[in-house]
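Okay, structure first, notes after.
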Amino acid sequence: MVNLKEKKTIFKSGSSFKEAAKYTICAIFFLMAALAYIWPHIKIVKLGYEKGKLRKKYEKLVQTNRLMRIEVASLRSLEKVESIAVKDLKMVFPDDSQVVVVRSSSNAAQKNDLEKRLIADTRP
């Protein structure tokens with residue numbers, strides 16, 4: 001037979017609730033401590049992945065920058081500009097009759113000086 005007195009001593013009224021509450025509070029505290037310990041490590045891993053993505057993006061931008069600098073240098077060459085103008089834009093060189101030279105006032109003064117020298121040189 002089972003002794004009822006032993007059961008009463010094992011399960012006192014209200015003590016099981018207090019013990020369960022203590023264990024629950026301890027478990028919650030343990031979980032919060034574990035989360036507080038693990039959270040920074042998770043954040044570090046996420047930042048590491050983000051750093052890797054940004055590094056790849058940076059390297060891609062540096063490569064694009066290099067290619068663009070090379071393209072700019074090639075487009076600055078006069079032969080390349082002429083080639084693009086003739087082939088792609090279908091431009092042609094003007095005839096002599098289509099060219100109009102506009103001189104500024106300082107160029108006109110230089111022209112007058114040059115004409116005076118030529119005239120002076122041709123006089124006997």
Quick one: what are the phi-derived ³J(HN,Hα) couplings along the range 27-37, Karplus 6.51/-1.76/1.60 with θ = phi - 60°, whole Hz, x for glycine and proline? 5, 4, 4, 4, 5, 5, 5, 5, 5, 5, 7
Ranking Leu67, Ala20, Tyr49 by how far each Cα lies towards the positive end of the charge dipole of the range 16-94 (+1 on Lys and Arg Cβ, -1 on Asp and Glu Cβ), the top one is Ala20
Size of the range 16-94 as Cα extents on the principal axes (Å, biggest first): 105, 19, 11
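Bear in mind these aren't lab numbers, they're just calculated from the coordinates by the rules spelled out. Here the structure is a predicted model, which is why all the values come from computation and not from measurement. Neighbour counts run over all protein chains shown; Cβ positions are idealised from the backbone, glycine included.
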